[in-house]
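A quick write-up on the structure given underneath.
All of the numbers you see were taken from the coordinates with simple rules; none came from a lab. Please read all numbers here as calculations on a predicted model, not as lab measurements. All Cβ positions, even for glycine, are placed from backbone atoms using ideal geometry, and neighbour counts span all protein chains on display.
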């Protein structure tokens, strides 16, 4: 009997460490030479843990805005070998001595940079959400398989021992039948107002920053605020929802949803953000932990609410509901309420642990905790929530084809690319 696509992908993931890491595993003592793309926030935060990992050298810092370089260099605190500064990632990927690329640029660059790197045999640590749309995510998985490279998603809670302990607790059946979970964020973001097109700041290569996307420069479509525009970002569900949804999917052992709905809108801010400031997305799965014949996972955000007024009195959290109790996350610590009272506190620096896991995977000493297939399936929830919101329809999702039952929704599974920045076929 021929293998199904899902069986093939599962087998591919299981054999990944043997097939994909052979090149690095043959030379485990060689330095892992890392280039970091995107420096304003996450790249600057990731530089120190990479630099602190044994036998790792940061060779390049990449950003089309030269004003971002100093902060990243300062974060490295005078390295023995200062990294080279570059604006265009393509020039760095042509350097055969570079082992891996960290993609911490905006969402619209994630897939393109990852596939370009994979084509050149570079391993990739890609920040969340791993893609701008569902088709991109699958293309990234295909590229990792074809070019036999490690691609780790930057969902660092996959390397947090307390999260692993929660998964073990729930999967053991101690929470009973689990038919519902929710993840949320509530916090007060500023009104961004309205901005007119203007010249980009001096020295900024805006055409390169824009990459696959389009549109004139405005201050609201540039640093950080790009999150709230559909052509560039994925809204709050992609920005922070990915963390809560990934933890819930991990702990509960969920794969892909069968039905997705979404409600919400721009109910609070009078500004030019396109993504909703209030959003509730629900994902129905065919089975749940503990023998449940189905379960619902809910994401909600209110980015205008005062801190501490979210569910459970928390600005960010996850609650997993079983018939024997409720496991509630407060940050990365958790407690079982109404059950046996088990609790767990986070251990270690999860970002440092996640980076170390990635480097160990490159060397053939471990499997990546958030391999790109895992990152794609968690990110896919964010995209489906946004698509249900934008179409205003309840969607049925086919995990085999990664399409919905609605033609209008299926048009939002991919995007158009500017000439010169098209996503390569794999």
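Quick notes on this structure:
- Only helices enter the 222 nm calculation for the chain: every DSSP H run of n ≥ 4 contributes -39,500 (n - 2.57), and dividing by all residues gives -9000 deg cm²/dmol, rounded to 500.
- Simple spin-label estimate for residue 255 and residue 75 in nanometres, 7 Å along Cα-Cβ: 3.7 nm
- Cα centroid separation - the stretch 339-414 against the stretch 186-240, whole Å: 24 Å
- Among 128, 196, 345, the residue with the largest mean-square fluctuation in a Gaussian network model of the chain, with springs joining Cα atoms closer than 10 Å, is 196.
- Taking the number of Cβ atoms within 10 Å of each Cβ as an exposure proxy, the fewest-first ranking of 157, 167, 90 is 90, 167, 157.
- Gaussian network model of the chain, springs between alpha carbon atoms under 10 Å - residue of 309, 45, 156 with greatest fluctuation: 309
- Bridge type composition, the chain - antiparallel percent by DSSP, nearest 5: 60 percent
- Between the labelled values (1) 0.95; (2) 1.12; (3) 1.48, the entry that holds Cα Rg over 2.2 N^0.38 Å as derived from this structure is (1).
- Fewest-first sequence of 247, 141 by Cβ atoms within 10 Å of each Cβ: 141, 247
- When the Gaussian network model of the chain links Cα atoms closer than 10 Å, the mean-square fluctuations of 187, 341, 325 top out at 341.
- Peptide ranges 200-212, 362-374 listed from the most packed, as the mean C-beta count within 10 angstrom indicates: 362-374, 200-212
- For 267, 358, 229, 397, the sequence from fewest to most other C-beta atoms within 10 Å is 267, 229, 397, 358.
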